[in-house]
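Notes for the one structure printed next.
Just so it is clear, none of the values below were taken in a lab; they were calculated from the coordinates. Since the structure is predicted, the reported quantities are computational estimates derived from the model, not experimental observations. Methodologically, a virtual Cβ is constructed for each residue, glycine included, from the backbone with ideal geometry; neighbour enumeration extends over all protein chains shown.
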Amino acid sequence: MENPLKRKADSANTDTTPKRAKPSLPKHAKRMFIQAKLSWTDQYGRHKTHEARLLLDCGCSGPILNKDFVWKTKVPWTRREVPISVLTADGEPMKEAGERYAQDLIMRIGHHQEELSWEVATLEEGIDGYLPVGWLQQHNPDIQWDTGKMEWRSDYCKKHCLPVSIKDAVRKFVQLVEEGKPWQVVSGTTI
């Protein structure tokens, strides 16, 4: 007679290791692109602005513009006297990078604005430039990854990249006057 207190699992199989589910396949997502406006002054003193499709690239060591975008939009660039080495993520030299750079371009993403210098290199078709992880670290935007929407709340952006509202400027001015402290104007002069 079988013992009624003995469980069937005890008598059937002594291996109690749970069976592992079959691993799922790797998931791939779309790459994150940002629409930005790049502005500069051309050699004749005319203000130029062009839309740019920029890839957030965590393997990139600095901002890079596609050579084709630079030529097509006539972004002013400078040739280095001594080229530098710019490497791809796998350690290979990036094609044509380190020879030329574009400086003092104003980049606008929504109401966020900053001045950047960019390496010029051959990039894949359809990408106007790369924004590196260092850029993300410096500006630290809140990113809605599913929509690509960014909010700019970092102290760095509040000081350097975002417009100052008249209301906030007046409130700060009044506070400084009441405290008897000098007021710093954007141009750097004190009133």
- Tell me, S39, S24 in order of fewest to most beta-carbon neighbours within 10 Å? S24, S39
- Query: Which of K48/K72; K48/K159; K37/K72 have a Cα-Cα distance over 20 Å?
  - Reply: K48/K159
- Message: Quick check: net charge around L116, other residues with Cβ under 12 Å of its Cβ, Lys/Arg +1 and Asp/Glu -1?
- Response: -3
- Task: Give me the number: length gained by fully extending Q43 to Q138, i.e. 0.36 nm times residue separation minus the C-alpha to C-alpha distance, one decimal in nm.
- Result: 31.1 nm
- Once phi for every residue in region 28-38 is put through the Karplus expression 6.51 cos²θ - 1.76 cosθ + 1.60 (θ = phi - 60°), the whole-Hz ³J(HN,Hα) values, with Gly and Pro written as x, are 10, 10, 5, 6, 8, 10, 10, 8, 9, 10, 9
- At R0 = 41 Å the Cβ-Cβ FRET efficiency linking M32 and F173, nearest 0.05, sits at 0.55
